[in-house]
Amino acid sequence: MTFRQLAFRNVFRNLRSYAAFLLASVFSVMVFFIYSMFIFHPLFEEEGFRVLAVRGMFIAEIVLYIFTLFFLFYSLSAFLQARTKEFGVLMHLGMSKKQLNKLVFFETMILGGLSTAAGIVFGFAFTKFFFMIGREIMQLEELPLYFSWKPFVLTIGAFASLFIIISLISVSFIRTKRVVDLLEGFWKTEDEAAYSPALSAFGLALLGIAYFLAATVSDRTVYIMVFIVPPLATIGTYLFFTHSIHTFLQLYKKRRSIYWHKTRLVSLAEAAVKLKDSAQMFFIVTIVSTVAFLTVGTLASFTSYTAEFRQSNPLGLIYVSFEGNALEQQQLDQLKRELEQQQLAYTLVPLEVKRQTSSASGNDVDIMSLTQFNRLAEALGHEPARLQAGEAMFVPFSQESLRELQKSYAETELLESGVELTIDQTYPQVLFPAHTLNANTIIMNNEDFGEVDEPLMGYPQGASDFRYYAFHVPDWTETVAIGENVRYPISEAMLSGNFAGLNYYFENPGYEYRWFKSSFALLLFIGLMVAAVFLLAAGSFIYFKLYTGLERDRRQYQLMVRLGMTERELGKIVNRQLVPLFFLPWALALLHSAFAFISLQVVWDEFAELSILSEMSIVLGGFTLMQILYFFLIRWRYIAHLKAY
């Protein structure tokens, strides 16, 4: 048997043991390859949304590569630890450390080659399916499957280098071991972990402080807490698993009436030993799971913003014309013509807006007449406003401003025209987007509106007035292609920051809604794929830890069977050993995520008035269900391994 044949047979003899490792590796390669197919697609030119798609997937590939590097290093180290006796026998028979390292290198490259080949095959097989999803998300006419050498070379090069790096690093711990140490195996001691009550309390304190800061965050402190809370929670999590758990376990053991009860004694005594070596694994799984939860949860919260978009943008199209706009009638006719060509029903309501200075606040105020405002309210299906002479009404621009304005009362004078007003009412609906009118906007009785005949201070006659054309389009999501020529100069001016010579403003909420919805859906799609790799790897960490101590667990199982332990009692012991491994880091990750989402809600409240509770509940509930199913799968395989000998 040649050296390479020995490595080849070692891999295929332990293929079932490498199942979780291969599954996670193949899935990582598959996701990486699919993203590469998107990035190198010939239809993705350098423009707008497609740039976002390419950049998002490129960043996802970098994150995926770095995480896979860490994951493979940890998993291979776990397998090598489980094979320490085998290595000890080989070295005792005369194999040198150099040859042993060479053997591990060959085995790792065989596993890497299998994972890379299988991942590329599955990735290319499912690429068409993901292209169909991407085409719907990005609303492209077509996104055909193509063949290019670039995605293949990038994927093979990336993972070949990754497996070479891992194979060189993962054997480093063997070089420091003596043959006698290797022959004793990985589980050569059964000592409980040393712990510090002071560090235990400090870890709990750090977690408590982090949770308190996250729960009490405000608009002014939320961005500062981003740099304070995660380090506190990370350090607290590490101390919790390395010290706090052992403190709780010792307190539990002192209650002999509970601890000294049938199978609990065996279960907890075994757990105390395993927790010594599982602390780092618990910490890794908690952090990885938290990152996955937050990634998907944050991106899912973006989709809830699209649901609130219509409420803050009730109009289908908005065209505002200022003084000196020679294109006004031409552009209005073009918008009407395009709406009619698309067979979209619409109602056009022109409004004359005047601007004055309020004596009460000293700020500029936009003013509209009651008749024109009621015409728009009627088109949108709302109740008309009613005003008497000398009365005015606040116009809200958001639900938050509506609540604030309903508490407001003002007696003011429009300084330029000398009109006195009492403002003690607020229109109960949002009719205009916030940025298209002044934050201080009111409705006036027609007679009072007619008396406003002077321009804003410092402006020539008529220069401070403008015309606001509100298009109500019931099928507003179908207006994506309306007014492209009108919108283009606005977009160019926003990019350059030069608005000179631009005497109008145009906004198409349908176009913006499609962009927001598609962007968030694409980011969620990218994040879900990366989070799936994270969660699969987190579950694999637990599997690797179980596999590392499997030989020792088998011996214990055989001993307990000889002592007369029944299948039911064995099941209880296995449950009490596996439940903490699976659900202790998971529960802490859920707790971390819940408090992080409280802070995220504060961020969303600053930009939009929406609740992300339902999205967060779905995300955390879905991941919990997946973990329960994974627990039963691993439990079944673990018991099968115990009974195998």
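The values are calculated or read from the model by the stated rules, or taken from the named source; none is laboratory data. What you see is a predicted model; the values in this text were computed from it and never measured. With ideal geometry, Cβ positions are generated from the backbone for all residues, glycine too; neighbour counts draw on all protein chains shown.
Odds and ends about this structure:
- Verdict on Ser77 being modelled with pLDDT under 80, farther than 30 Å from Glu512 by Cα and either outside any helix (DSSP H, G or I) or in contact with a strand residue (DSSP E or B) (Cβ under 8 Å, 6 or more places away or on another chain) (or both): no
- Check on Gly497, in the same structural domain as Ala326 (by TED's automatic domain parsing) and at positive phi: yes
Listed here are the residues, each with its yes/no results for (1) touching a residue at least 40 places away in the same chain (Cβ under 8 Å); (2) among the β-branched types (Val, Ile, Thr); (3) more than 19 Å from Glu447 (Cα to Cα).
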| residue | (1), (2), (3) |
| --- | --- |
| His382 | yes, no, yes |
| Met393 | yes, no, no |
| Glu404 | no, no, yes |
| Glu411 | yes, no, no |
| Gly418 | no, no, no |
| Thr422 | no, yes, no |
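- All positions within region 461-500 that are assigned to a loop (DSSP other than H, G, I, E, B), farther than 18 Å from Gln334 by Cβ and either at pLDDT below 85 or in contact with an Asp or Glu (Cβ under 8 Å, 6 or more places away or on another chain) (or both): Gln461, Gly462, Ala463, Asp465, Gly497, Asn498, Phe499, Ala500
- Residue in region 397-416 that is under 41 Å from the mean Cα position of the chain (by Cα) and either in a strand (DSSP E or B) or aliphatic (A, V, I, L, M) (or both) present: yes
- Some residue of region 345-356 being in contact with a strand residue (DSSP E or B) (Cβ under 6 Å, 6 or more places away or on another chain), within 30 Å of Thr422 (Cβ to Cβ) and polar (S, T, N, Q): yes
- Candidate set: region 358-373, residues that are touching a strand residue (DSSP E or B) at 6+ places or on another chain (Cβ under 6 Å) and in a strand (DSSP E or B); chosen: the one surrounded by the most Cβ atoms within 10 Å (Cβ to Cβ): Ile367
- The residue list Tyr557, Tyr547, Tyr543, Tyr511 contains one member that is modelled with pLDDT of 80 or more, aromatic (Phe, Trp, Tyr) and assigned to a helix (DSSP H, G or I), which is Tyr511.
- In region 374-388, the count of residues that are within 47 Å of the chain's Cα centre (by Cα), assigned to a strand (DSSP E or B) and either surrounded by 14 or more Cβ atoms within 10 Å (Cβ to Cβ) or at negative phi (or both) is zero.
- Among the residues of region 1-48, those identified as modelled with pLDDT under 75 and outside any helix (DSSP H, G or I) are Met1, Thr2, Asn14, Leu15, Arg16, Ser17, Tyr18, Leu43, Phe44, Glu45, Glu46, Glu47.
- Hey, Ala60 more than 12 Å from Ser167 (Cβ to Cβ), buried (at least 20 other Cβ atoms within 10 Å of the Cβ), at pLDDT 75 or above and touching a Phe, Trp or Tyr at 6+ places or on another chain (Cβ under 9 Å) or not: yes
- Just one of the listed residues (Ala214, Ala194) is at pLDDT below 85 and either assigned to a helix (DSSP H, G or I) or over 23 Å from Phe71 (Cβ atoms) (or both), namely Ala194.
- Taken together, the residues in region 554-564 that are touching a residue at least 24 places away in the same chain (Cβ under 8 Å) and out of contact with any Phe, Trp or Tyr (no Cβ under 7 Å at 6 or more places or on another chain) amount to 4.
- Test: residue in region 592-614 that is under 21 Å from Ile284 (Cα atoms), touching a helix residue (DSSP H, G or I) at 6+ places or on another chain (Cβ under 7 Å), at pLDDT below 80 and not assigned by TED's automatic domain parsing to the domain that holds Ala434: no
- Residue pairs meeting the criteria (Cβ under 9 Å; at least 6 apart or on separate chains; first at pLDDT below 85, in region 436-457; second assigned to a helix (DSSP H, G or I)): Ala439/Ser401
- Which listed residue, of Thr234, Thr221, is surrounded by 15 or more Cβ atoms within 10 Å (Cβ to Cβ), out of contact with any helix residue (DSSP H, G or I) (no Cβ under 6 Å at 6 or more places or on another chain) and either in contact (Cβ under 8 Å) with a residue 40 or more places away in the chain or hydroxyl-bearing (Ser, Thr, Tyr) (or both): Thr234
- Scope region 328-347; condition in a loop (DSSP other than H, G, I, E, B) and of a type outside the set (Gly, Ala, Ser); matching residues: Gln342, Gln343, Leu344, Tyr346
- Leu456, sole failed condition from (1) under 30 Å from Leu431 (Cα atoms); (2) touching a Ser or Thr at 6+ places or on another chain (Cβ under 8 Å); (3) assigned to a helix (DSSP H, G or I): (3)
Every residue, every condition in (1) modelled with pLDDT of 80 or more; (2) more than 28 Å from the chain's Cα centre (by Cα); (3) part of a helix (DSSP H, G or I); (4) within 23 Å of Ile284 (Cα to Cα), yes or no:
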{"residue": "Phe147", "(1), (2), (3), (4)": "yes, yes, no, no"}
{"residue": "Ser161", "(1), (2), (3), (4)": "yes, yes, yes, no"}
{"residue": "Ile169", "(1), (2), (3), (4)": "no, yes, yes, yes"}
{"residue": "Leu183", "(1), (2), (3), (4)": "no, yes, yes, no"}
{"residue": "Ile235", "(1), (2), (3), (4)": "yes, no, yes, yes"}
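- Residue list for region 563-598, restricted to those being among the small types (Gly, Ala, Ser) and in a helix (DSSP H, G or I): Gly571, Ala587, Ala589, Ser593, Ala594, Ala596
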